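The values are calculated or read from the model by the stated rules, or taken from the named source; none is laboratory data. Computed from a predicted model, the values in this text were never measured in an experiment. No Cβ is skipped: glycine too gets one built from the backbone with ideal geometry, and neighbour counts run over all protein chains shown.
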Amino acid sequence: MSTYAIGDVQGCYDELLQLLNKINFNPQNDQLWFTGDLVNRGPKSLEVLRFVKQLGDSAVSVLGNHDLHLLAVAFNNTSLRKKDTLETVLSAPDSKQLLDWLRTLPLFHQDQGFALIHAGLPPQWDIAQTEQMAEEIERALVSEHICDYLHSMYGNEPRRWSEALSGNKRLRFITNALTRLRYCDQDGNFCLGEAGPPGTQPEPCLPWFMIETRKTAGEKIIFGHWSTIFLGNISDFRIHNVYPLDTGCTWGGKLTAMRLEDETIFQVESLQPKKFA
């Protein structure tokens, strides 16, 4: 039995099938971990959702910002954006079943010595607190207050964690940390407007995993979300105990998997035209 973590699929269904063929995936014996953003920007979000859902316990996916955006469009009438490719999901005959399944997915998963998130972690959280924070969002998504949460999750404030945060501001911060964060400063103030590769950000912003006081520095963390991070190899980041797996398949890059047992990397080329985010 092997476990494979896979970077952001974002509707790249054909590439996903190629990657699973390359690793000889067997759902009877193996398990897949997805870094989130199963949907959007790519051409086959509907097929990806159907496929991952039918895998049952053979797959674990955390929610990404694009997955949450789909839920906001579906449950809260949030407007579609120009680059969204979610219409096929919303109009599918099994749309309700897929969306009800999607809203039950976690924002954090841990097993086999690895933690799985979509984006980042503030330096003040340890793994136990991260799990607790994720559960707050998970409860909101399956509650009768889902529309209120989805309406209020958009926005960049507050920028820094405080135990005193409450209500929608608290949920928005947790959401931004787990599904949007790339950079913050040494005090944990988020720099959510920055999306380029390390070295292009203004001072005092740093990649979240390079903050000196980060309480999760001793944990192995798999994440996606940051396709522009790659100026070198995935192995370059292991000094920080992080494994970024979003290699920009939807932008014409690659779709990447890592086998957890030996940290071997597998990749297939994107079938999408090369473009910039």
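Filtered by the rule that a residue be surrounded by fewer than 16 Cβ atoms within 10 Å (Cβ to Cβ) and touching a Lys or Arg at 6+ places or on another chain (Cβ under 9 Å), region 129-144 gives Glu136, Val142.
Results for (1) surrounded by 21 or more Cβ atoms within 10 Å (Cβ to Cβ); (2) over 19 Å from the mean Cα position of the chain (by Cα); (3) free of Cβ contacts under 8 Å to residues at least 24 places away in the same chain, shown as yes or no for each residue.
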site	(1), (2), (3)
Asn77	no, yes, yes
Lys83	no, no, no
Pro93	no, yes, yes
Leu107	yes, no, no
Ile117	yes, no, no
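Checking each residue of region 166-187 against the condition of being within 30 Å of Glu203 (Cβ to Cβ), in contact with a strand residue (DSSP E or B) (Cβ under 7 Å, 6 or more places away or on another chain), assigned to a loop (DSSP other than H, G, I, E, B) and among the aliphatic types (A, V, I, L, M) gives at least one match. Exactly one residue among Asp100, Asp148, Asp94, Asp111 is more than 20 Å from Leu68 (Cα to Cα) and modelled with pLDDT of 95 or more, and that residue is Asp111.
Results for (1) closer than 29 Å to Ser2 by Cβ; (2) over 15 Å from the mean Cα position of the chain (by Cα), shown as yes or no for each residue.
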residue: Cys191; (1), (2): no, yes
residue: Glu219; (1), (2): yes, yes
residue: Phe230; (1), (2): yes, yes
residue: Ile234; (1), (2): yes, yes
residue: Leu245; (1), (2): yes, no
residue: Trp251; (1), (2): yes, yes
residue: Leu260; (1), (2): yes, yes
residue: Thr264; (1), (2): yes, yes
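Within region 12-127, which helices (runs of 4 or more DSSP H) (wholly inside it) include 1 or more residues that are farther than 30 Å from Trp161 by Cβ?
Numbers: elements: 13-22, 45-54, 65-76, 87-91, 95-102.
Passing ranges, in order: 13-22, 45-54, 87-91, 95-102.
Kindly evaluate Asp126 against the criterion of being touching a Ser or Thr at 6+ places or on another chain (Cβ under 7 Å) and either on the phi > 0 side of the Ramachandran plot or surrounded by fewer than 20 Cβ atoms within 10 Å (Cβ to Cβ) (or both). Don't jump to the end; show me each part of the working.
Numbers: touching a Ser or Thr at 6+ places or on another chain (Cβ under 7 Å): yes; either on the phi > 0 side of the Ramachandran plot or surrounded by fewer than 20 Cβ atoms within 10 Å (Cβ to Cβ) (or both): yes.
Considered against the rule, which asks whether it is touching a Ser or Thr at 6+ places or on another chain (Cβ under 7 Å) and either on the phi > 0 side of the Ramachandran plot or surrounded by fewer than 20 Cβ atoms within 10 Å (Cβ to Cβ) (or both), Asp126 comes out as yes.
Scan region 228-252 for residues that are assigned to a loop (DSSP other than H, G, I, E, B) and either surrounded by fewer than 17 Cβ atoms within 10 Å (Cβ to Cβ) or modelled with pLDDT under 95 (or both) and report the count. So the answer is 6.
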